[in-house]
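Below is one structure, written out as structure tokens; the observations come after it.
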Amino acid sequence: MKLVTYTDKKDESGNTSAGLVWGDWILDIRHLPSIAKRLGIKTLRAPSRFSKGNKTVLDVIARGPETLAELQTLSWRVFNRMKPGTENEGLKRLEKSRLLAPIPKPPTLRDFYAFEEHVKAARAKRGLEMVPEWYEIPVFYYSNPNVIYGPDDEIPIPSYTKALDFELEVACVIGKKGRDIPLEQAESCIAGYTIMNDWSARDIQAKEMKVGLGPAKAKDFATSIGPWLVTPDELEDTKTGRGTYKLEMTARVNGKQVSKGNMASMHWTFPQMIVHASQSVELRVGDVFGSGTVGTGSLVEQQSKRTKWLKPGDNVELAIERLGTLRNRVIEAKAKKAKEEGN
């Protein structure tokens with residue numbers, strides 16, 4: 001399934017809904033039981049779990065893995081009987097909808113450092129060798145869950161940086177809470193996968209890392225997630241034997257490809273991250289785990305005196321096979337402020 005948090009482009013009330021993407025259409029999950037009834041499909045137990053609430057994808061996955069499984073079964077039956085051609089209650093054209101981050105307000109946001117190629121390249125730029133500790137544990141830092149952006153959102157450049165960068169990452173969302181989760185159960189805790197852009201102020205990050213505490217302010221201003229959350233069953237045929245997936249990852253700036261990698265090259269897998277993060281700590285439903293940047297997946301790895309950082313007006317497109325494309329445009333902070341004030 002592809003789960004989305006969305007609103008109508010013409011709706012300025014701020015109301016959102018959780019939906020299922022079906023080709024060029026979005027099916028509102030809250031209308032699923034009534035549509036099934038209209039089609040003569042017997043709904044599963046407790047249909048109110050679909051018809052009530054469910055304003056975001058987080059609301060849906062918080063109902064538990066069993067509800068997700070029932071949702072998948074019911075939606076499959078509905079999609080196989082429906083013949084979309086016109087919009088009706090509960091069915092909207094994707095082009096007329098505005099997609100938000102699937103998890104607009106995650107309980108926590110952890111970003112890991114899972115791709116060896118990126119770690120080596122980034123450290124080499126600072127004249128540093130790899131440290132053996134990186135191979136011992138999947139390290140992470142906490143980012144700011146209150147500045148989450150979605151597809152096509154404009155990203156304001158922080159006033160304190162002159163070196164804005166993107167980071168091409170894949171993220172998983174926790175769908176089942178747990179503490180001290182063993183490796184053999186870790187994968188079952190994943191509700192789905194999405195694309196993540198960990199925007200970075202590289203000049204600030206360089207200073208923080210020299211001090212030895214961070215990154216912090218360098219990552220404090222924006223993280224993009226989307227366009228949807230893809231459940232693991234959609235990716236099963238691309239699975240490798242080590243707990244990851246063979247999915248091509250690319251990045252474009254203003255239409256020019258600047259990065260290319262593959263999720264299969266992860267050194268640390270999401271199940272391993274879950275095991276490490278859950279030690280003596282309870283993971284919560286909706287927690288977001290970023291993979292860290294894929295090799296070549298940022299400007300800092302390619303940085304030279306001739307390379308320019310992101311600037312206002314730049315369009316950044318991150319694409320991961322099966323997970324879609326996450327697009328954002330960079331703007332000046334004062335432009336965003338003026339827009340919000342209606343000037």
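The values are calculated or read from the model by the stated rules, or taken from the named source; none is laboratory data. All of these numbers come straight from a predicted model, not from anything done at the bench. Don't worry about glycine lacking a Cβ; one is built from the backbone with ideal geometry, like all the others, and counts go over all protein chains shown.
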I need the full set of residues from segment 150-189 which are within 15 Å of MET273 (Cβ to Cβ) and small (Gly, Ala, Ser), in order please.
ALA171, GLY175, GLY178, ALA186, SER188
Please state which of the following conditions GLY243 fails to meet, knowing it meets all the rest: (1) over 16 Å from the mean Cα position of the chain (by Cα); (2) at pLDDT 95 or above; (3) under 30 Å from TRP22 (Cβ atoms).
(2)
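Residue-by-condition table, conditions (1) closer than 15 Å to THR231 by Cα; (2) aromatic (Phe, Trp, Tyr); (3) under 20 Å from the mean Cα position of the chain (by Cα):
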{"residue": "VAL4", "(1), (2), (3)": "yes, no, yes"}
{"residue": "GLY14", "(1), (2), (3)": "no, no, no"}
{"residue": "SER17", "(1), (2), (3)": "no, no, yes"}
{"residue": "GLN72", "(1), (2), (3)": "yes, no, no"}
{"residue": "PHE79", "(1), (2), (3)": "no, yes, no"}
Which one of these is among the β-branched types (Val, Ile, Thr) and closer than 28 Å to GLY127 by Cβ: THR293, THR250, THR238?
THR293
Within segment 246-261, restricting to residues that are under 16 Å from the mean Cα position of the chain (by Cα) and surrounded by 17 or more Cβ atoms within 10 Å (Cβ to Cβ), the one that is nearest to ALA191 (Cα to Cα) is LEU247
Residue list for segment 247-305, filter: of a type in the set (D, E, K, R) and touching a residue at least 24 places away in the same chain (Cβ under 8 Å):
GLU248, ARG252, LYS260, GLU282, ARG284, ASP287, GLU301
Would it be correct to say that ARG63 is crowded, with 17+ Cβ neighbours inside 10 Å, free of Cβ contacts under 8 Å to residues at least 60 places away in the same chain and either farther than 30 Å from GLU282 by Cβ or not assigned by TED's automatic domain parsing to the domain that holds ALA216 (or both)?
yes
Restricting attention to segment 236-255, the residues that are under 27 Å from SER143 (Cα atoms) and touching a Phe, Trp or Tyr at 6+ places or on another chain (Cβ under 9 Å) number exactly 6
Name the single residue that is surrounded by the most Cβ atoms within 10 Å (Cβ to Cβ) among those in segment 200-217 being without any contact (Cβ under 8 Å) to a residue 40 or more places away in the chain and not polar (S, T, N, Q).
GLU208
Answer from ALA171, ALA122 - the residue that is of a type in the set (Gly, Ala, Ser), closer than 25 Å to ILE320 by Cβ and modelled with pLDDT under 95:
ALA122
Looking at segment 32-63 only, could you name the residues that are within 23 Å of TRP228 (Cα to Cα) and at pLDDT below 90?
LEU32, PRO33, ILE35, ARG49, PHE50, SER51, LYS52, GLY53, ASN54
Counting just the residues of segment 107-120 that are over 16 Å from the mean Cα position of the chain (by Cα) and surrounded by fewer than 19 Cβ atoms within 10 Å (Cβ to Cβ), which one comes out farthest from ASP59 (Cα to Cα)?
LYS120
Strands (runs of 3 or more DSSP E) enclosed by segment 125-181 - at least 3 residues per element that are in contact with a helix residue (DSSP H, G or I) (Cβ under 8 Å, 6 or more places away or on another chain) and buried (at least 17 other Cβ atoms within 10 Å of the Cβ)
168-174
Qualifying strands (runs of 3 or more DSSP E) (wholly inside segment 3-114; at least 1 residues being within 30 Å of PHE140 (Cα to Cα))
17-22, 97-100, 109-112
Counting only residues that are surrounded by 15 or more Cβ atoms within 10 Å (Cβ to Cβ) and either closer than 20 Å to TYR6 by Cβ or in contact with a His (Cβ under 9 Å, 6 or more places away or on another chain) (or both), segment 22-50 contains a total of 14
Pairs, please: C-beta under 9 Å, at least 6 apart or cross-chain, first residue touching a residue at least 40 places away in the same chain (Cβ under 8 Å) and in the same structural domain as SER278 (by TED's automatic domain parsing) and in segment 128-140, second part of a helix (DSSP H, G or I) and among the small types (Gly, Ala, Ser)?
PRO138/ALA277; PHE140/ALA277
Within segment 222-238, does at least one residue satisfy the condition of being modelled with pLDDT under 95 and among the small types (Gly, Ala, Ser)?
no
Could you say whether any residue in segment 13-21 is touching a residue at least 24 places away in the same chain (Cβ under 8 Å), surrounded by fewer than 15 Cβ atoms within 10 Å (Cβ to Cβ) and either in the same structural domain as GLY53 (by TED's automatic domain parsing) or not aromatic (Phe, Trp, Tyr) (or both)?
yes
